[in-house]
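The values are calculated or read from the model by the stated rules, or taken from the named source; none is laboratory data. Only a predicted model underlies this, so the values are computations on that prediction, with no experimental measurement involved. Every residue, glycine as well, gets a Cβ built from its backbone with ideal geometry; the counts of neighbours run over all protein chains shown.
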Amino acid sequence: MRFGDEIQNLGKEGKRHKPIIKAPPAVKAGENFEIKIKIGEKPHPNTFEHHIRWIQIFVKPENRPMIYGGNFEFGPNVLVPEITLKMCLDRTSTIYTLSYCNIHGVWENSIEIKIES
C-alpha cells in the first residue's frame, strides 16, 4: 500500500475537508502574487475533539522536480485553518495542497497556474 492511496479528495466529507485554493489562473513570470488556502467549502469544526491540524503546500514547476513549499500547523479551538501567502513562479506550475483532519485523515487538492506570455 502507498501513502497516496490514503489521501482523499472526494466523498461526502470533502465539502468540509478538501483544501480550497484561490489564486489567479495566470501570472507574470517573476512577479509576486497572492494565494489563499482554506479548508472546505463549508466551515470545518475547530474543537479539541475535531480539528484541522496542518496544511502543507508543494509546487511542481513544469519540467522540474517537486518543490516543498511549506507546512502550517494549527492548534484546536484557537486558530482558523486558513492561510494567505505570496508566491512567485518562473514557469507554469501545479500547486498541491494537503490538509490533515485529526478524525478524517489527509485530504488534497491542486490547481495549475500558467505563466502569461
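When the range 69-91 is filtered for residues that are part of a loop (DSSP other than H, G, I, E, B) and over 14 Å from Phe58 (Cα atoms), the ones remaining, listed by number, are Phe74, Gly75, Pro76, Asn77, Val78, Leu79, Val80, Pro81, Asp90, Arg91.
Taking Thr84 as the residue in question, decide whether it is hydroxyl-bearing (Ser, Thr, Tyr), at pLDDT 95 or above, surrounded by 11 or more Cβ atoms within 10 Å (Cβ to Cβ) and within 18 Å of Ile21 (Cβ to Cβ). When the stated conditions are applied, Thr84 does not pass them.
The sole residue among Ile83, Ile55 that is touching a Ser or Thr at 6+ places or on another chain (Cβ under 6 Å) and either more than 15 Å from Ile113 (Cα to Cα) or not hydroxyl-bearing (Ser, Thr, Tyr) (or both) is Ile55.
The residue of the range 9-57 that is surrounded by the fewest Cβ atoms within 10 Å (Cβ to Cβ), among those that are under 11 Å from Trp107 (Cβ atoms) and free of Cβ contacts under 8 Å to residues at least 12 places away in the same chain, is Leu10.
The residue pairs whose first member lies in the range 98-113 and is more than 13 Å from Phe58 (Cβ to Cβ), whose second member is of a type in the set (Lys, Arg), and whose beta carbons are closer than 9 Å, counting only pairs six or more residues apart or on different chains, are Tyr100/Arg53; Cys101/Arg16; Cys101/Arg53; Asn102/Arg53; His104/Arg16; Trp107/Lys18.
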